[in-house]
1. Just wondering, is there one or more residues in the range 63-73 that are surrounded by fewer than 21 Cβ atoms within 10 Å (Cβ to Cβ), under 16 Å from the mean Cα position of the chain (by Cα) and either part of a strand (DSSP E or B) or not assigned by TED's automatic domain parsing to the domain that holds residue 115 (or both)?
2. How many residues does the range 6-16 contain that are modelled with pLDDT under 95 and part of a strand (DSSP E or B)?
3. Would it be correct to say that residue 92 is touching a helix residue (DSSP H, G or I) at 6+ places or on another chain (Cβ under 7 Å), at pLDDT 95 or above, in the same structural domain as residue 149 (by TED's automatic domain parsing) and within 18 Å of residue 17 (Cβ to Cβ)?
């Protein structure tokens, strides 16, 4: 498995968190869970070699080769796999929490925990992009076409400064800011903030904060492979150990102890430096 990160266009930085090319000679071993946990980001994927399947809850979608798929905000774990046991290649875009609404004019809560062909969202515009990317022979050319498309989408929509401010505060505090504090700092009620977040990111600010907090531990765990990390320092982010375990099970499907006994190299590769 090979993962290469691509530098986003200068104007897209801050809105696109990661742009990558993932290639593999075959599927991950049968014993690998292929588990992807929530990270607070909406994603766009383009399998340019082989197809790609994804399952969120009972929602299953197969992205055929050269199709473009939009993955909504998730707050549950998902399973991803290659369609056939043969060489594969996928281009992926991970939008920052304050990024996706600048590219897709939809209410993000409508695609929460769902996977959709981009043609369902953008119709003939997405179909034309799929054809252009399919006809481009090089990976570099495919990425260039994708970034040009995203730039065109980006300039069509204005920023929402209050929403962006709230997202930045959640990120800076690593999910520890209280909603009451956001109310105080912005002058808007929690109800107004919830409506704004449902529209632009797909989940409430409280839910997003929970995912951001969880990611502090999950990223460190996948990078260090030290199981004792699960017992350290979570009191800075959680009320107690029970609160931590509840969130861990919610976002991975396993208790910390059971998760430590699983294999998930496919899911971990996206957290490697």
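1. Checking the range 63-73: not a single residue is surrounded by fewer than 21 Cβ atoms within 10 Å (Cβ to Cβ), under 16 Å from the mean Cα position of the chain (by Cα) and either part of a strand (DSSP E or B) or not assigned by TED's automatic domain parsing to the domain that holds residue 115 (or both).
2. The number of residues fulfilling the criteria is 1.
3. Working: touching a helix residue (DSSP H, G or I) at 6+ places or on another chain (Cβ under 7 Å): no; at pLDDT 95 or above: yes; in the same structural domain as residue 149 (by TED's automatic domain parsing): yes; within 18 Å of residue 17 (Cβ to Cβ): yes.
So residue 92 fails the test.
To keep it simple, each residue is scored yes or no on (1) within 26 Å of residue 50 (Cβ to Cβ); (2) under 18 Å from the mean Cα position of the chain (by Cα); (3) not in a loop (DSSP other than H, G, I, E, B).
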| site | (1), (2), (3) |
| --- | --- |
| 85 | yes, no, no |
| 104 | yes, yes, no |
| 131 | yes, no, yes |
| 137 | yes, no, no |
| 158 | no, no, no |
| 166 | no, no, yes |
| 184 | no, no, yes |
| 192 | no, no, yes |
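The values are calculated or read from the model by the stated rules, or taken from the named source; none is laboratory data. Everything numeric here is computed off the predicted structure, so don't read it as measured data. Cβ atoms come from the backbone with ideal geometry, glycine included; neighbour counts cover every protein chain shown.
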